[in-house]
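Here is the structure we will look at, set down as structure tokens.
The values are calculated or read from the model by the stated rules, or taken from the named source; none is laboratory data. Bear in mind the structure is a predicted one, so any value in this text is a computation, not a measurement. Cβ atoms come from the backbone with ideal geometry, glycine included; neighbour counts cover every protein chain shown. Side chains are part of the model used for accessible areas, which takes the heavy atoms of the whole protein and leaves out ligands, DNA and RNA. Shrake-Rupley method; radii C 1.70, N 1.55, O 1.52, S 1.80 Å.
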Amino acid sequence: MKSFNFLVFTVYVFILFVQPENVFGLPNFWANVNTAKPNIISRNGWQARPANGHELLKVTPTPYVVVHHGGSQQYCYNRNTCSQIVRSYQNYHMSNNGWADIGYNFIIGEDGNVYEGRGWKYVGTHTPGYNANSIGICIIGDFTNRLPNEAALKALNALIGYGVSKGSINHSYHVVAHRQVTSTACPGTKLYEYVKKLPRWTNNPKKSNV
Ligand SMILES: [Zn+2]
């Protein structure tokens, strides 16, 4: 009987600590570990144009993540449409702006997929003063009046968590919104409000001097 009570007690304690929040209302030690893995569509997967050259990130792992939106009211909920929009961003950045490639390191659709732009290794063209020391992530759409859906926000958090776990983003990184460091409406008021609530958001980012 004693050993039965002990078993019940052990199971009870185990259950308490397996929940995301334990009995004291505190997060369990693994609750901050982002275990969701992002689904990353490679450049081939969205039929990217080849880049006109690459430059390696100067500060790695990067101390910053910069959040952007696409800025046009084009939204997508499946891989085909999202790939098409990502290609249109790349065409615009290369043909109109004369950049070497799509400006962002990664692009996220409301289909929940992450589309590889310049990726983890190469400098983007998205935020003057922060290109060399950040991963620039753009969510497809205009988020002035609404938030990206849950799938896109989950993908954003999973991508950042994955970047930290693989050593591409510094574990003590900070998140900023594009409009904090450049005169722009990007990433839209609603998405900016969300970014400000992220645990690693900073109001005091420091430009890269390299
Ligand atoms: Zn932006």
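Once the C-beta distance of Glu193 and Gln47 is scaled by a Förster radius of 22 Å, the resulting FRET efficiency is 0.05 to the nearest 0.05. Tell me the net charge near His69. Cut-off is 12 Å between Cβ atoms, His69 excluded, with +1 for each Lys or Arg and -1 for each Asp or Glu. Neighbourhood net charge equals +1. Among residues other than Asn39 with Cβ under 12 Å from its Cβ, the summed charge is +1 (Lys and Arg +1, Asp and Glu -1). Between Gln74 and Ala151, the C-beta separation translates, for a Förster distance of 22 Å, into a calculated FRET efficiency of about 0.85. Evaluated at q = 0.14 Å⁻¹, a Debye calculation over the C-alpha positions of the stretch 135-210 (equal weights, vacuum) places log10 I(q)/I(0) at -0.46. Beta bridges assigned by DSSP with both partners in the stretch 33-196 are antiparallel in approximately 20 percent of cases.
Accessible area per residue for the stretch 33-196, computed on protein heavy atoms with a 1.4 Å probe, is 43 Å². A simple packing score, the average count of other Cβ atoms within 10 Å per residue, orders the peptides 44-56, 107-119, 135-147 as 107-119, 135-147, 44-56, with the highest score first.
Just how many % of Cα pairs in the stretch 33-196 lie over 28 Å apart, if you round to the nearest whole percent? Value for the stretch 33-196 (Cα pairs over 28 Å): 10 percent.
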